[in-house]
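**Student:** The structure's right below; bear with me while I get my questions together.
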Amino acid sequence: MMFVVSAVQLLAAAAAAWLCKQVFAWLYRYYCTQRWLKTTSIPGPPPSNKIIGHVSTVLSDCCPLQLAEWANTYGPIYKLQLLNSACVIVTDPAAAHSVTRWAGSDTYLAKTRELYKALEIGTVPQMPNILTSADNAYWKAVRQATAPCFSISNLKQVFPWVLQLCDKAVAHVNSSSSAAAGGKLAAAAAAAASIDVEDLSKRFTADVIGHMLFAEDLK
């Protein structure tokens, strides 16, 4: 009995030690992030929350609009706080080109494997792919194997399908407008004629991806 109790106590102590280590590591990184955010010359909006930073904004539906507004306010390069990490947003094409092209140069920034690894949860089998793999020999081999799929000649084969989807989208918009035209009140007709462009764009994108990657009509 004493041996069992000792083993349980040992496991509890190990779990407590691991938890304390994680907490202190998180706090230390949070401290370093706050120090960098305060000392760097890169501008940026103040965080909506001191602990989570701009996470709530990034996860919201208006994130693209807010990022564009911040770019107009703070310039093409600005900083954000995401939990205990700092994030630099680069919207300038020339600056983005210098840090994402030509591996081995002084300005090149390699892909963060830890960030992209979370995207592998929904893949079967769960393994690195061209999107989540680090910039290594495996990634280069996968990229070389998939590059022909995105050549102009192969992409042209998808154009007829994309045009069909465009026709379907136009027909959907026209049918919604026609249904609203028969209303008695102009205000009611205008409200009925409104189109959810975001939902329509998501469906259009899903249909294109389904046809290109899976050869399936997602409907």
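**Student:** Given (1) open to solvent by 90 Å² or more (accessible area, probe 1.4 Å); (2) in a helix (DSSP H, G or I), identify the lone condition not met by Cys149.
**Tutor:** (1)
**Student:** Would you mention how many residues in segment 15-43 are modelled with pLDDT of 80 or more, farther than 14 Å from Asn84 by Cα and either outside any loop (DSSP other than H, G, I, E, B) or touching a Leu at 6+ places or on another chain (Cβ under 6 Å) (or both)?
**Tutor:** 7
**Student:** Moving on. Are any residues in segment 46-76 out of contact with any Pro (no Cβ under 8 Å at 6 or more places or on another chain) and assigned to a strand (DSSP E or B), and if so, which ones?
**Tutor:** Selection gives Asn49 alone.
**Student:** Here's something else I'd like to know. Which residue, of Ser60, Ser41, is closer than 28 Å to His97 by Cα, of a type in the set (S, T, N, Q) and either touching a residue at least 60 places away in the same chain (Cβ under 8 Å) or open to solvent by 60 Å² or more (accessible area, probe 1.4 Å) (or both)?
**Tutor:** Residue meeting the stated conditions: Ser41.
The values are calculated or read from the model by the stated rules, or taken from the named source; none is laboratory data. Not measured: the values here are computed from a predicted model. When we count neighbours, we look across all protein chains shown, and the Cβ atoms used for this are built from the backbone with ideal geometry, even at glycine. What goes into the accessible areas is simple: the full protein's heavy atoms, side chains included, and nothing from ligands, DNA or RNA. Shrake-Rupley method; radii C 1.70, N 1.55, O 1.52, S 1.80 Å.
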